[in-house]
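Student: This structure is in structure tokens; I'll ask about it shortly.
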Amino acid sequence: MALITKKLRGTEDVLPAESYRWQFLEEIMREQARVYGFAEIRTPVFENTQLFQRGVGETTDVVQKEMYTFDTKGGESVTLRPEGTAGAARALLEHGVYNDGLPVKASYFVSCYRYEKPQAGRLREFHQFGLEVYGTSKPVADAELICAAASIFDRLGIDDLSLEINSIGCPECRAKYHAALKEYFAEHSNELCDTCKGRLERNPMRILDCKSKICSGIAKDAPVILDYLCDECEEHFKGVKACLDSAGMKYTVNPRIVRGLDYYTKTVFEFVSGSIGSQSTVCGGGRYDGLIEELGGQPLPSLGFALGMERLLLLLDSKGIEIPKPETCALYVAALGENAEAKAFSLVKDLRDASLHAQYDIVGRGLKAQMKYANKIGAQYSLVIGDNEIEENKANLKNMTTGEQVEISLGENFVSQFTAIYLDNKTSSPIF
Ligand code: HAM
């Protein structure tokens, strides 16, 4: 029968044989979030469209071209989240979490949706891990956040990501910068793409971020924001660099980083790889001191980052960094005959109740095929039970790697005997 449909362009399935790779990364991220003092927030996949229009910004590519927006049957305009920051801010604001003491530190895993042209490292449904800190304007918070991101890459053994930082100032210095950009781009206005022509008046900084070749070519020689920072932003940026220096973090100042979302102020940063092609930014973030107010709250200086899970996996592959495989089945209990099948069922249940990974035949295979299957799934030990074994209440436990066999009782202390043997020979990865 032909499949009635296949996965949509720009989406990926994670199959059972690969999911351990995701789980391993997620486990490390959860662990690093914990040690840096973050607690997880979970928010809906879809939100009121206005949230992203206001939060992410009307003049961004994301809002202008990439959102999955639709009207519900009730006539509301809703949007599948293109990123995690706006939803997290909305939730914390809505529930008054900020009133319980600052800073608030939230972590998240989210699926995101952007109608982009798919290519390696660029999907329409992708996944982010993110950290957000609310309620601090101190430069040390920026440095701490960057260190938290770096700690994940360190734990994964990735050493070729370069950290690029910049400051894009506050609304005050931005006004002067916008004027300079307008003047520069006005001279090229005929060459700009239609979207950027519109941006020229409303938000010329977004032209710096345009994916069109012509616009990005023109943008190369545009004025840079660092030359327009006000004293306070300059001081803040100096502070961030000093903290990074004292933490021994290597970075380059890249005055061309503006990020693709409108909410950023002051520090912005990206971790960029030279090994995964054109979609080279694995992680991006920065400060967004105006977002909470934009969403209707009191001013609350905040900052965060998100890293792309798919891009991180691509990077690990390109570096040949292997993710440890999860432990395979500890014991496969093969059975011959009806009584033995019932015994296998109860032995395996006892093992599982003791948190051991055990399996037996649930599809009706013959003994030979059961053993073949035990091999295929990488069972570490096997046990064959027939009428004799049941009668004598003991069986031979076989170490599938060495072939060594020891007799084991099938009675009450079966689980404790097996556990002792198993733990004695166990080699394990740090996570699984
Ligand atoms: P962003 O730079 O748009 O920032 O996305 C963050 C990361 O998500 C990127 O560095 C990339 O790894 C991944 N990513 C983005 N788009 C795609 C895509 N189409 N396919 C695959 N991966 C993608 C944000 O989303 C901000 N919310 C980050 C942030 C959090 N800023 C402050 N807090």
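Quick note: the coordinates plus some simple rules give every number you see, no bench work behind them. Note that the structure is predicted; figures quoted are calculated from it, not measured. Cβ: placed from backbone, ideal geometry, glycine included. Neighbour counts: every protein chain shown.
Student: Estimate the FRET efficiency between residue 102 and residue 242 by the formula 1/(1 + (r/R0)^6), using the beta-carbon distance for r and 22 Å for R0, to the nearest 0.05.
Tutor: 0.45
Student: Then there is this: Based on the mean of other beta carbon atoms within 10 Å per residue, what is the order of 137-146, 66-75, most packed first?
Tutor: 137-146, 66-75
Student: Further question on the same structure: So what's the range 75-166 giving for Cα Rg divided by 2.2 N^0.38 Å, two decimals?
Tutor: 1.31
Student: Please work out, to two decimal places, the log10 of the ratio I(q)/I(0) at q = 0.11 Å⁻¹ from a Debye calculation in which every Cα of the range 69-227 carries one identical scatterer.
Tutor: Those come out to -0.70, one per q.
Student: Based on the alpha carbon coordinates of the range 197-289, what radius of gyration and maximum Cα-Cα distance (Dmax) apply, in Å?
Tutor: When restricted to Cα atoms, the range 197-289 yields Rg and Dmax of 14.5, 43 Å.
Student: Taking the simple approach of a point 7 Å from Cα along Cα-to-Cβ for both residue 5 and residue 394, what is their distance in nm?
Tutor: If labels sit at residue 5 and residue 394, their model points lie 6.0 nm apart.
Student: Report, in deg cm²/dmol and to the nearest 500, the calculated mean residue ellipticity at 222 nm for the chain, where each DSSP H run with n ≥ 4 adds -39500 (n - 2.57) and the sum is divided by the residue count.
Tutor: Calculated at 222 nm, the ellipticity per residue is -11000 deg cm²/dmol.
Student: Under 5 Å between amide hydrogens, which residues at least 5 positions from residue 127 or on another chain qualify, with H placed 1.01 Å from N in the peptide plane?
Tutor: Amide H neighbours of residue 127: 112, 309, 310.
Student: May I ask you to evaluate 6.51 cos²θ - 1.76 cosθ + 1.60, the Karplus curve with θ = phi - 60°, for each residue of the range 331-336 and list the ³J(HN,Hα) values in order in whole Hz, giving x for glycine and proline?
Tutor: 9, 9, 9, 8, 10, 10
Student: Continuing with this model, one more query. Using only Cα atoms, what is the ratio of the radius of gyration of the range 185-232 to 2.2 N^0.38 Å?
Tutor: Here the Cα radius of gyration is 1.18 times the empirical estimate.
Student: Further question: Pop the C-beta distance of residue 404 and residue 154 into the FRET formula with R0 = 45 Å and round what comes out to the nearest 0.05. Each step should come with its number before you reach the end.
Tutor: Details: r = 40 Å, r/R0 = 0.88.
After rounding, the FRET efficiency stands at 0.70.
Student: Build a GNM of the chain with springs between Cα atoms under 10 Å: which of 130, 320, 290 gets the top mean-square fluctuation?
Tutor: Most flexible of the set in this elastic network: 320.
Student: How high is the relative contact order of the chain? Use alpha-carbon pairs under 8 Å, at least six apart in sequence, and give a whole percent.
Tutor: Answer for the chain is 15 percent.
Student: Moving on to the next point. Send over the Kirkwood Rh of the chain, from the inverse of the averaged 1/r over different Cα pairs, rounded to one decimal Å.
Tutor: Kirkwood hydrodynamic radius for the chain: 25.1 Å.
Student: State the extension gain, in nm to one decimal, for the chain segment bounded by residue 138 and residue 231, taking 0.36 nm per residue of separation less the distance between their alpha-carbons.
Tutor: That works out to 32.0 nm of additional length.
Student: While we're on this one: Apply the Karplus parameterisation 6.51 cos²θ - 1.76 cosθ + 1.60, with θ equal to phi minus 60°, to every residue of the range 17-32 and state each ³J(HN,Hα) to the nearest whole Hz, in sequence, with x for glycine and proline.
Tutor: 6, 10, 5, 4, 5, 5, 4, 5, 4, 4, 5, 5, 5, 4, 5, 5
Student: Further question on the same structure: Taking a temperature of 4 °C and a viscosity of 1.567 mPa s, what whole-number D in µm²/s does Stokes-Einstein yield for the range 1-42 with Rh from Kirkwood over alpha carbon pairs?
Tutor: 98
Student: Can you pull the one-decimal nm distance between simple spin-label points at residue 77 and residue 191, each 7 Å off the Cα toward Cβ?
Tutor: Distance between label points: 3.4 nm.
Student: Taking amide hydrogens as modeled 1.01 Å from N in the peptide plane, which residues meet the under 5 Å criterion relative to residue 266, leaving out close sequence neighbours?
Tutor: Excluding prolines and chain starts, which carry no amide H, the hits are 168, 169, 170.
Student: In addition: Distance from a point 7 Å along Cα→Cβ of residue 31 to each backbone N in the range 270-298: keep the residues under 19 Å and list them by number.
Tutor: none
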